[in-house]
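Got a structure for you, written out below as structure tokens; questions coming shortly.
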Amino acid sequence: MFSPDLVILNVHLATMDEEIGNGYGAIEDGALFIKDGKIEWLGKMAELPEFDALATPTVQGKGAWLTPGLIDCHTHILFSGSRAQEFEQRLNGVSYQEIAAQGGGIASTVRATRQADKEALFVLAKTRLNSLLKEGVTTAESKSGYGLDLENEFKLLEVNRLLDEHHPISVQSTFLGAHALPPEYKGNADGYIELVCEQMLPKVAKANLADAVDVFCENVGFSYTQTRKVFEKAQSLGLPVKCHAEQLSNQHGSELVAEFSGLSADHIEYLDESGVKAMARAGTVAVLLPTAYYFLRETQQPPIQLLRNNNVPMALASDFNPGTAPLCSLRLVLNMGCTLFRLTPEEALKGVTINGAKALGLKDRGVLKVGMRADIAMWNIDHPSQLSYQFGVNDLLNLWILGKLTQC
Ligand SMILES: [Zn+2]
């Protein structure tokens with residue numbers, strides 16, 4: 001006899017389990033048992049196993065849908081300051097160059113983030129995580145990258161660990177020291193990369209502050225060769241790598257991250273076929289970020305059909321950041337993935353569940369399956385496609401993280 005901690009009855013399940021085979025890995029008219037923070041059993045109501053019905057807390061789903069808790073696998077939630085006035089200046093005709101000359105752009109975010117202490121950054125990030133939680137997000141990645149010196153990058157990564165400990169959302173920490181060139185290293189990108197590799201990375205690894213290492217490989221970021229140096233160092237320290245790649249041009253960052261068996265190549269609007277094939281061989285996930293594409297009013301589409309043809313797993317994420325994607329909503333991302341990039345709603349939902357987990361190297365979540373973490377969202381919807389179709393109506397009924405009901 002089963003002895004679950006919680007039983008959820010009369011629900012439909014979008015398990016996202018590829019072994020189930022039909023769309024969304026759906027089980028209609030089903031039920032699910034939770035025990036010790038994990039999924040103990042799931043299946044059809046008609047096959048419900050025996051359990052102590054009097055002693056077990058029970059939720060009546062009344063035909064609601066369950067999905068895995070959503071996963072936002074690419075965010076920059078750790079920053080201080082606002083770029084709203086720059087947004088306004090731009091719309092009043094001031095050029096990006098003029099704004100940069102006034103100390104605006106990413107430099108202003110770096111200044112404000114360096115000035116903020118850990119407590120202030122924690123509170124800012126917590127508010128942003130709360131917004132994601134309200135939409136059913138149970139795991140989020142958080143990158144450093146607005147500190148750009150040892151002390152401030154450390155500070156950001158320490159806040160990531162504090163968020164993971166104190167916020168209901170499970171927070172994965174990514175070190176993005178090679179995000180942009182700090183003002184002190186103007187004209188000396190190689191010197192900064194040496195600082196990242198020789199000073200920052202060993203200390204970050206030793207203090208166990210990062211779960212992965214990321215680089216912005218772009219003609220306005222770091223070169224292919226500089227990116228390779230960071231990846232080599234990360235690999236020697238046992239840290240998995242990922243890459244901001246092919247966003248504005250094709251620098252072959254995706255092939256490079258695949259060469260290092262990297263977790264993901266992110267953005268990839270300018271990815272070509274050889275990059276797609278390299279990712280397919282390495283099992284590197286394609287992380288699509290439609291918010292940045294939308295906010296920058298880009299027109300180059302990521303090669304969705306090529307990715308499909310080569311069975312490259314596609315994830316979707318918010319990329320929430322003050323410069324190019326000030327949009328802290330994974331539900332909006334689901335919709336944009338379909339409207340802007342023409343993903344199917346099932347691909348979109350996979351992108352924020354099973355493939356979001358893959359992009360973070362996490363094997364214990366993203367699917368409703370026996371033994372997985374009981375990170376579960378319950379939705380007041382008629383069909384899982386509604387999660388991508390409709391935006392702005394909060395149809396989340398309940399959210400469990402590690403089997404605990406979360407107030408959101
Ligand atoms: Zn990003």
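The values are calculated or read from the model by the stated rules, or taken from the named source; none is laboratory data. Model, not experiment: these values are computed from the prediction. When we count neighbours, we look across all protein chains shown, and the Cβ atoms used for this are built from the backbone with ideal geometry, even at glycine.
From Leu263, Leu306, Leu296, which residue is assigned by TED's automatic domain parsing to the domain that holds Pro240 and under 17 Å from the mean Cα position of the chain (by Cα)?
Being assigned by TED's automatic domain parsing to the domain that holds Pro240 and under 17 Å from the mean Cα position of the chain (by Cα) holds for just one of Leu263, Leu306, Leu296, which is Leu263.
Could you grab me the full set of residues in the stretch 93-152 that are at pLDDT below 95, in a helix (DSSP H, G or I) and either within 16 Å of the ligand (Cβ to nearest atom) or outside the structural domain of His166 (by TED's automatic domain parsing) (or both)?
Ile106
I'd like the residue in the stretch 220-242 that is under 15 Å from Leu256 (Cβ atoms) and within 16 Å of the ligand (Cβ to nearest atom) and, out of all such residues, is modelled with the lowest pLDDT.
This residue is Gly221.
Within the stretch 187-201, is even one residue over 22 Å from Ala112 (Cβ atoms), part of a loop (DSSP other than H, G, I, E, B) and assigned by TED's automatic domain parsing to the domain that holds Ala107?
yes
Residues of the stretch 301-325 being within 16 Å of the ligand (Cβ to nearest atom) and in contact with a helix residue (DSSP H, G or I) (Cβ under 7 Å, 6 or more places away or on another chain), which ones? Break it down into steps so the answer makes sense when it comes.
Applying the first criterion (within 16 Å of the ligand (Cβ to nearest atom)) to the stretch 301-325 yields 302, 315-325.
Correct list: Ala315, Leu316, Ala317, Ser318, Asp319, Phe320, Pro322, Gly323, Thr324, Ala325.
If you don't mind, another one. Which of the residues belonging to the stretch 267-295 are away from the ligand (no atom under 16 Å from the Cβ), on the phi < 0 side of the Ramachandran plot and out of contact with any Gly (no Cβ under 8 Å at 6 or more places or on another chain)?
Listed by number, the residues that qualify are Asp272, Glu273, Ser274, Gly275, Val276, Lys277, Ala278, Met279, Ala280, Arg281.
Looking at (1) crowded, with 24+ Cβ neighbours inside 10 Å; (2) part of a loop (DSSP other than H, G, I, E, B), find the lone condition where Val370 falls short.
It fails just one condition, (1).
In this structure, does Lys233 turn out to be basic (Lys, Arg), in contact with an Asp or Glu (Cβ under 7 Å, 6 or more places away or on another chain), buried (at least 20 other Cβ atoms within 10 Å of the Cβ) and assigned by TED's automatic domain parsing to the domain that holds Leu271?
no
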